[in-house]
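Down below is the structure, laid out as structure tokens.
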Amino acid sequence: MASAHLDAAVHGRGGVHRLANTDAAIGRWLRTLPPGSRLALESTGRYHERLARLAHAAGMVVYVLDPRAVRQYARGLGQRGKTDRLDAQMLAHLIEREHGRLRPWQPPSPEHELLKNLLRQRAMLARHVASLRQGLREAAAATVDFTPMFKAMQDTLRALDKQIAKAACALPQGKTALGWIMSVPGVGLLTGATLLRVFQRLAHRGSDAVVAFLGMDLRPQDSGKRTGVRRLSKRGDAYARKLLFTAAMAAARCDPQWRKLYEHELAKGLPTTAAYVAIGRRILRVAFSVFKNQATYDPARLPVA
């Protein structure tokens, strides 16, 4: 997948076909495939979205795969190099053999797509504002006044926050569900809106699936008698994990009950960062619970240990 072109391989046909990443070129190529074909593509920012949407509309079963997982699969089969052509051939090989273990992609509703784009834009702008503040800190004594620029950026962030709140409330039962999620200590608008998107997508799954979807699950590293250190799988949305970490810090700082939970994690020997991660995972489970139970947060039901 690239911004200008795609490399496509069809299992059993051999060869790789390059086509432009446009509606017309993709449409012509899709019409050469049998109806109901299975199509696998790597998740690459926004570049894969056109193909996924058009293929699904054409009645094909679409799988959007994590590029890191595809690379690991390729290495496991002995592939030594990496090119677009090799990747396309590996994807064709992978989906022919592994499609039964994978979950097909479903297009988001326009409301969910709008909220996703607003959250993405907000995260990008906030990241650049922080970078500019850090980079221009040494220029404080310069003759140029950067205050108006940063004020305009902050105004834009506030405007995006209002649009995010409006878009979240426009989801099915969005306003009520957002209130339930934001009743959990530490969860603000951005975290609440991000979790609402995920929860509505995984409404029929359990909390373990939600934790795994956001990469907050612990990955074992055991072999024989050796028990390795557990680390986060870090699959899924990195920005959501960052928001949960921030929510954990806020909850541990402002809520006595969550402070006790944080201290309990420290007493187990966890370093500060790992303790906040554990609290963030607990916040995620509690937020999903109130969403599923359609109720506000009840501190009496939160176990201390």
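Any read-out appearing in this document is the output of simple, stated calculations on the displayed coordinates, not a laboratory observation. In this text, all values refer to a predicted model and were calculated from it rather than measured experimentally. Cβ sites come from the backbone with ideal geometry, for glycine too, and all protein chains shown count toward neighbours.
A compact table of results
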quantity: Dipole axis of segment 109-170 (+1 Lys, Arg; -1 Asp, Glu on Cβ), positive-most option in C169, T156, H128; calculated: C169
quantity: Assigned charges on the beta-carbon of Lys, Arg, Asp, Glu; the chain dipole about Cα centre (debye); calculated: 560 debye
quantity: Fraction in percent of alpha-carbon pairs per bin - 5 Å, segment 172-305; calculated: 2, 11, 21, 23, 21, 13, 6, 3, 1, 0, 0
quantity: Cα-based helix-to-principal-axis angle, 147-169 vs the chain, degrees rounded to 10; calculated: 80 degrees
quantity: Selected from V286, V229, V210 as most flexible by GNM, with the chain as the system and alpha-carbon contacts under 10 Å; calculated: V229
quantity: Whole-number Å³ per residue for the convex hull built on Cα positions in the chain; calculated: 201 Å³
quantity: Shape parameters for segment 247-294, alpha-carbon atoms, Rg then Dmax in Å; calculated: 11.0, 35
quantity: Segment 51-120: radius of gyration over Cα atoms, expressed as a fraction of 2.2 N^0.38 Å; calculated: 1.32
quantity: Estimated inter-spin distance, H5 and R301, nm [label 7 Å along Cα→Cβ]; calculated: 5.6 nm
quantity: Hydrodynamic radius of segment 5-101 per Kirkwood, over alpha carbon pairs, in Å; calculated: 13.6 Å
quantity: Residue (of A275, L218, A287) at the positive-pole extreme of segment 215-305, dipole from beta-carbon charges; calculated: L218
quantity: Using distinct alpha-carbon pairs, which all enter the 1/r mean, Kirkwood radius of segment 109-170 in Å; calculated: 13.0 Å
quantity: Fraction of alpha-carbon pairs over 21 Å apart in segment 48-205 - percent; calculated: 64 percent
quantity: Segment 53-139: trypsin sites (Lys or Arg not before Pro) in DSSP loop, at most 13 other beta carbons within 10 Å; calculated: R80, K82
quantity: Expected-Rg normalisation [2.2 N^0.38 Å, Cα atoms] applied to segment 169-233; calculated: 1.48
quantity: Farthest toward positive dipole pole in the chain [+1 Lys/Arg, -1 Asp/Glu at C-beta], among P34, L232, Y47; calculated: L232
quantity: Value of relative contact order over segment 172-305, rounded to a whole percent, pairs C-alpha under 8 Å and six or more apart; calculated: 31 percent
quantity: Mean separation of Cα contacts under 8 Å (6+ apart) over length of the chain, as relative contact order %; calculated: 13 percent
